[in-house]
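Bear in mind that the values in this text are calculations on the coordinates, not laboratory data. This structure is a prediction, so every number in the text was calculated from the model and none was measured. Using ideal geometry, Cβ is built from the backbone for each residue, glycine included, and neighbour counts are taken over all protein chains shown.
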Amino acid sequence: MSDRNGSGGPFNPFGDGDADDEFDSELDFGEQPENSDDSIAERYNSRGEDEFEAAGLDAPDEFVEEGDAVYEALLSRLGEAAPQPRLSATRRAVELLGDPQRAYPIIHITGTNGKTSTSRIIESLLRASGLRTGLFTSPHLERVNERIMIDGVPISNESLAANWRDVEPFLDLVDTELETAGEPALTFFEALSVLAFASFADAPVDVAVIEVGMGGEWDSTNVGDGQVAVFTPISLDHTARLGNTVAEIARTKSGIVKPATQVVSAAQPPEALAELTRAAELTESTFVSENAGFRLLESTVAVGGQLVSIQGLAGTYREIFLPLYGNHQGHNAAVAVAAVESFIGGGTQALTDDVITEGFATATSPGRLQLVGTEPTVLVDAAHNPGGAEALAAALGEYFTFDKVVAVIAVLADKDVEGIIRALAPAVAEFVVTTSSSERAIDPDELASVVVGVVGADRVLVEPDLVAALDQAREIAGDSEQGAVLVTGSITLVGEVISLAAEEGWK
């Protein structure tokens, strides 16, 4: 691979012996916007440059179709909704490529809620520290490029396509070996993980922040060995694959803890904490947890976010502006600080004022209480389980003064719909039930029956067409002096509305 993302030498896919062998989304892993990536060039060609510019959109770059082709190739594989509980296939692929995941240290992150936000804050702090960063998260909201970030920017279509050309022959070889052995070929996420690891080596990066797709132990990202293993809050989700209890899920997630790792954990239920502590002891790793080794001291509402004070492992940071809404984001920031302190100084070196201020100020979390429209206010949030919905409802009450919130909601099958609605009900006046483009989206009438069972028929409207549902919600909210529309319940839905809002110029 050539050096397409910045300075540095070429990456040899067979390895040159110089790599340091010591180093090798909430989001719902099974969701991905299915109709966003393949339409940009077509929309541009059909609408023309003037209309794109009038909508405030940039014309697609000359490599956009090649980037789209990479996504199409990934989509041809077994989807993310059916991950394979195996590491051998991904391990074989990176082995053929010369183990690119060993070319840089890794901070590895898992949990149930807050993984992506915490990953993004960690990456921002590392970049503010002067390090060249890679960030791998899932799923994406609009384009698959978002999942592979280099130095804070989504990988370019040119680099995405070029790196894909370099790794694809090796993926095909592994596919053949797997099929000969009677196993499924590499899945979407397995292939994407290999592409990300190789892209970071090609850049090259100083450190990669890697978010687990699902679980931990057998997740394809676990071919990389994290110097720091980070755990966000663990609760019930994906029970069909991860286990029926919090302890079982935590045990699976604890698989990212490797020998002599530094483990940093958010506050956890006792049963989850016991599993993480046990994993640290078995691997002779260090272990620090929120409220014991570090803590969020204070969070106060500020214009555009909050002021947080954090006691880290090595320093105390007071009244730092964080441009994210919700007390849960303050806790995510505390975990991020502890993780970066662990990485940079083994937990003994405080971050400088400049690093903490810049790192927080430049942190973003797309799709999490993100403003996409005004008159009326339209917010999108990717909450798709009860824990995420509870945090969302709390943030709405604490950070905004809306007198009426109208929720546009679509949820995927296998989610705890009743739990999500119960969490949102105190903060939402009316629900407009719709659907997204995902094949896994619950039928609107079926979803509406569950919502009605929780909040009553007088607070529920059904509109299967998303555009019509949004129009209806905006009209209802617009009749109130401080009304707002909240779009939530599905990452696919949120991605579609972000794109729609930009195209129609809602801000």
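Observations, loosely collected:
- The stretch between ASP479 and GLU281 holds 65.5 nm of extra length on full extension. This uses 0.36 nm per residue minus the Cα-Cα distance.
- DSSP-defined beta bridges in the stretch 370-504 - what % are antiparallel, rounded to 5: 20
- Compactness of the stretch 64-142, expressed as Rg and Dmax over alpha-carbon positions, Å: 15.3, 39
- Span per principal axis, largest first, for the Cα atoms of the stretch 150-227 (Å): 40, 29, 16
- Pairs of Cα atoms in the stretch 40-293 fall into 5 Å distance bins, from 0 up to the last occupied one, in shares of 1, 6, 13, 17, 18, 16, 12, 8, 5, 3, 1, 0, 0 percent.
- Figure legend: label point modelled 7 angstrom from the Cα of THR401 along Cα→Cβ; residues of the stretch 472-494 with amide N under 17 Å from it are 480-484.
- Between VAL153 and GLU62, full extension at 0.36 nm per residue minus the direct alpha carbon distance yields a gain of 31.0 nm.
- Stokes-Einstein diffusion for the stretch 103-177 at 10 °C, viscosity 1.306 mPa s, with a Kirkwood radius from C-alpha pairs, works out to 113 µm²/s.
- Using the alpha-carbon positions of the chain, Rg (one decimal) and Dmax (whole number) come out as 22.0, 67 Å.
- LEU371 paired with ALA468, simple spin-label distance in nm, labels 7 Å along Cα-to-beta-carbon: 3.2
- Using Cβ point charges alone (K and R +1, D and E -1), the dipole size of the stretch 40-293 about the Cα centre works out to roughly 1160 debye.
- Counting every other Cβ atom within 10 Å of each residue's Cβ, THR252, THR180, THR492 order from fewest to most as THR180, THR252, THR492.
- Computed over the stretch 40-293: relative contact order in percent, which uses C-alpha pairs under 8 Å that are six or more apart: 23
- Between GLN349 and ASP443, the contour length at 0.36 nm per residue exceeds the Cα-Cα span by 28.6 nm.
- Considering only beta bridges that DSSP places wholly inside the chain, some 35 percent are antiparallel.
- Karplus-based coupling profile of the stretch 179-195, in residue order and whole Hz: 5, 4, 8, x, 10, x, 5, 3, 7, 3, 6, 4, 5, 5, 4, 4, 4, with θ = phi - 60° in 6.51 cos²θ - 1.76 cosθ + 1.60 and x standing for Gly or Pro.
- Cβ-based exposure ranking for LYS115, LYS507, in which fewest neighbours within 10 Å come first: LYS507, LYS115
- Rg/Rg_globular for the stretch 370-504, with Rg_globular taken as 2.2 N^0.38 Å and Rg from C-alpha atoms: 0.92
- For the chain, the number of Lys pairs separated by eight or more positions or lying on different chains, with C-alpha atoms closer than 27 Å, is 6.
- Percentage relative contact order, the stretch 164-250, counting C-alpha pairs under 8 Å, at least six apart: 17
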